[in-house]
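Asks: The structure follows.
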Ligand SMILES: Nc1nc2c(c(=O)[nH]1)N(C=O)[C@@H](CNc1ccc(C(=O)N[C@@H](CCC(=O)O)C(=O)O)cc1)CN2
Ligand SMILES: Nc1ncnc2c1ncn2[C@@H]1O[C@H](COP(=O)(O)OP(=O)(O)OP(=O)(O)O)[C@@H](O)[C@H]1O
């Protein structure tokens, strides 16, 4: 299937799933699996996004990272389709972006793109070669091509495929770790 078509299908599927209690249960399970793993061990600087309602919820992850004394950095999508990460703590002012997610409001905020772990959002993942289907901006492919960082995704049961059922392109960057409702798939 074309990426564009699958994207539309996945968004519809994830939006419907977001209405269910099962989705919330999986969000919680994925969060616990990540926090009980050693994936964040020794990691100080962690890049995240604020989630849309049909994505895996990141708000409790962020709160937990703050509790653990980790440094959290929030993605900002730039108009040239690059992405930067900005320090995010409980008193950081946020604003809703064009894309509909919260970003750091201060345009002068200091950029920190040298991260230890990056929690990557997405619509679908294949658990064999770890490819990812995102919203189609290419933000993460561009970022991961440029910055060496341990990447991971939180993948609920609607996001996981055995093989990519979409065309994988030369610029597509595989993800290092997939945290699924069943297990953690490493590289
Ligand atoms: N929660 C979350 N945050 C995220 C992402 C994500 O997938 N999930 N991103 C993952 O990449 C980045 C933002 N992705 C974006 C994708 C599209 C547009 C955007 O401006 N879209 C235009 C259409 C542009 C076009 O078609 O050329 C629009 O909606 O008007 C902006 C950001 C960073 N933050
Ligand atoms: N390293 C790169 N340098 C320049 N352009 C790139 C790079 N990686 C991807 N792109 C461009 O980004 C576009 C979108 O890529 P793709 O469809 O894989 O996005 P995606 O991974 O689904 O989106 P996102 O990361 O924003 O969620 C492609 O058309 C491609 O030309």
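Asks: Could you grab me the full set of residues in the range 85-105 that are under 28 Å from residue 8 (Cβ atoms) and in contact with a strand residue (DSSP E or B) (Cβ under 9 Å, 6 or more places away or on another chain)?
Replies: If the condition is that a residue be under 28 Å from residue 8 (Cβ atoms) and in contact with a strand residue (DSSP E or B) (Cβ under 9 Å, 6 or more places away or on another chain), then 95, 96, 97, 98, 99, 101, 102, 103 are the ones that fit.
Asks: In addition: So residue 125 fits all but one of (1) touching a residue at least 12 places away in the same chain (Cβ under 8 Å); (2) over 30 Å from residue 16 (Cα atoms); what number is the exception?
Replies: Status for residue 125: all satisfied but (2).
Asks: Mind listing whichever residues of the range 162-172 are closer than 25 Å to residue 116 by Cβ and in contact with a strand residue (DSSP E or B) (Cβ under 8 Å, 6 or more places away or on another chain)?
Replies: Once the filter is applied, which keeps residues that are closer than 25 Å to residue 116 by Cβ and in contact with a strand residue (DSSP E or B) (Cβ under 8 Å, 6 or more places away or on another chain), the range 162-172 yields only 172.
Asks: Name the residue that is farthest from residue 21 (Cα to Cα), counting only residues in the range 162-187 that are over 12 Å from the mean Cα position of the chain (by Cα) and not in a loop (DSSP other than H, G, I, E, B).
Replies: Among those residues, the one meeting the criterion is 185.
Asks: Moving on to the next point. Evaluate the range 69-79: report whether one residue or more is over 24 Å from residue 126 (Cα atoms), within 16 Å of ligand 2 (Cβ to nearest atom) and out of contact with any strand residue (DSSP E or B) (no Cβ under 9 Å at 6 or more places or on another chain).
Replies: yes
Each value in this text was obtained by applying a stated rule to the coordinates, not by laboratory testing. These numbers were taken from a predicted model, which means no experiment stands behind them. Quick reminder, even Gly has a Cβ in these numbers, built from the backbone with ideal geometry, and neighbours come from all protein chains shown.
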